[in-house]
Amino acid sequence: MSKRKVDYSELVSAIQEEDKEKTNRLVGELLPRLKDYLKVVMNADQSAAEECVHQAFEEVLRQIRNDKIREPKYIFSYLLKSCRHQYLHYDKHMRSMNYTEEDEADYLVHPADQYKQILDEERKYLLKICLKELDEKAREFITYFLEKPEVTTWQASKEFDISRANVRTKKSRILARLNECYERRSTT
């Protein structure tokens, strides 16, 4: 998940010089990082992260266009703080509760949990890739179990019109293929 380090101070000059190509490229790299920050550090869901990043970026864009950014080299840090503030404001609005600065600590996710969330997202991504490698019938079969984890072998045998033993065998073989794919892809 590591991305190359980018000097986002270039973004300030690109916006001020109205270099749309460079601005679009940098914004395309920057916005996903800001969303990931809110999801991992602040425990925001995808839609909240997208909304808050959008709102924060609009505000920072106004500041850049009005030449209010004194230190362009700190723009990434400024954007992170703006996103965090926007998320806290959003969450306050959604919960209709009173917010104090001390409450901010309640939103921060412990670093060990941040790492777990990153790994969970990476596992989901790898699972999607591995699912695409399966043929359509195997993908449909195993997706049935992923979407309905509480389903019994008997229910699956009725759904797919095969014996319960065949359900167990097929499920086991597909899971073995997914596991092999996951292991192969997670080490590269």
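Quick note: the coordinates plus some simple rules give every number you see, no bench work behind them. Everything numeric here is computed off the predicted structure, so don't read it as measured data. Note that we place each Cβ from the backbone using ideal geometry, even for glycine, and neighbour counts take in every protein chain shown.
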In the neighborhood of Glu21, defined by Cβ-to-Cβ distances under 15 Å, what is the net charge if each Lys or Arg adds +1 and each Asp or Glu adds -1?
-2
Ordered by number, the trypsin sites (Lys or Arg not before Pro) in the stretch 1-89 that occupy a DSSP loop and have at most 14 other Cβ atoms within 10 Å are Lys3, Arg4, Lys5, Lys68, Arg70
Note down the magnitude of the dipole of the stretch 9-107 about its Cα centre, charges +1 on Lys and Arg C-beta and -1 on Asp and Glu C-beta and zero elsewhere, to the nearest 20 debye.
180
Cα-based Rg of the stretch 57-96 normalised by 2.2 N^0.38 Å, two decimals
1.34
Averaged over every viewing direction, what's the projected area of the C-alpha convex hull for the stretch 111-186? Give it in nm², one decimal, please.
5.5
If you average the C-alpha positions of the stretch 72-88 and of the stretch 124-188 separately, how far apart do those two centres end up, in angstrom?
42
May I ask you to list the GluC sites (Glu not before Pro) in the stretch 1-73 that are in a DSSP loop and have at most 16 other Cβ atoms within 10 Å of their Cβ?
Glu17, Glu18
Ordered by number, the GluC sites (Glu not before Pro) in the stretch 137-188 that occupy a DSSP loop and have at most 12 other Cβ atoms within 10 Å are Glu150
